[in-house]
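Read the structure below first, then the notes.
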Amino acid sequence: VMELIDSVRIFAHLDRSTRQSLADRLRVITFNDGATIVERGSFADSIFFIQKGHALLMETSGGGERIRRWCFCPGDWFGEIIFGIQNIRKWTVISAGNCTCTVLTFAEISECLGEQKMDESMKTGASLGLVQRMSS
């Protein structure tokens, strides 16, 4: 579990005890095939790390058709919008087959950070993470 937290770039600047505290708070959730993990327009309060399976980032066209924009695989993560100013989800993410995620809420992250607080580079790095993954 600690390896997961250590592999996330936005947590890299945190000291070891804070990263361990984050790892201790991770919860495991399994989603069945086709289940909505997060819904576009909903309030974002959690970040998800894919452990097993796949999840699809979907965009809704003007005609209401869902279009697949990205496939998250084990080791990928999403939900970094929780670190931004506007915490409304811009995408829907659904499970493709059974998908197991570990989850942290913004409240859990804030509690762990305590005095360290999120600096601007952490927020910026988080918000750019998905864009970089989608363009690579």
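The values are calculated or read from the model by the stated rules, or taken from the named source; none is laboratory data. This structure is a prediction, so every number in the text was calculated from the model and none was measured. Here the Cβ positions follow ideal geometry from the backbone for every residue, glycine too, while neighbour counts run over all protein chains shown. Surface areas here come from the heavy atoms of the whole protein model, side chains and all, with no ligands, DNA or RNA. Shrake-Rupley method; radii C 1.70, N 1.55, O 1.52, S 1.80 Å.
Just one of the numbered conditions (1) over 25 Å from residue 6 (Cα atoms); (2) open to solvent by less than 50 Å² (accessible area, probe 1.4 Å) is not true of residue 79: (1).
For every residue, the table says whether it meets (1) over 16 Å from residue 14 (Cβ atoms); (2) modelled with pLDDT of 85 or more; (3) open to solvent by 40 Å² or more (accessible area, probe 1.4 Å).
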position: 101; (1), (2), (3): yes, yes, no
position: 105; (1), (2), (3): yes, yes, no
position: 115; (1), (2), (3): no, no, yes
position: 121; (1), (2), (3): no, no, yes
position: 127; (1), (2), (3): yes, no, yes
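Taken together, the residues in the range 52-66 that are open to solvent by 40 Å² or more (accessible area, probe 1.4 Å) and over 16 Å from residue 89 (Cα atoms) amount to 6. From the set of residues in the range 66-95 that are at pLDDT 95 or above and in contact with a Gly (Cβ under 7 Å, 6 or more places away or on another chain), which is nearest to residue 44 (Cα to Cα)? Top of the filtered list is 94. Got at least one residue in the range 82-93 being more than 18 Å from residue 110 (Cα to Cα), assigned to a strand (DSSP E or B), in contact with a Ser or Thr (Cβ under 7 Å, 6 or more places away or on another chain) and open to solvent by 50 Å² or more (accessible area, probe 1.4 Å)? Taking every residue of the range 82-93 in turn, none turns out to be more than 18 Å from residue 110 (Cα to Cα), assigned to a strand (DSSP E or B), in contact with a Ser or Thr (Cβ under 7 Å, 6 or more places away or on another chain) and open to solvent by 50 Å² or more (accessible area, probe 1.4 Å).
Return the residue satisfying two criteria in turn: it lies in the range 1-40 and is of a type in the set (Gly, Ala, Ser) and modelled with pLDDT of 95 or more, and of such residues it is surrounded by the fewest Cβ atoms within 10 Å (Cβ to Cβ). My answer is 34.
Applying a threshold of 6 Å to beta carbon distances and a minimum spacing of six or more residues, or different chains, the list of pairs starting in the range 12-23 at a residue that is touching a residue at least 12 places away in the same chain (Cβ under 8 Å) and ending at one that is open to solvent by less than 10 Å² (accessible area, probe 1.4 Å) reads 19/5; 19/11; 22/5; 23/5.
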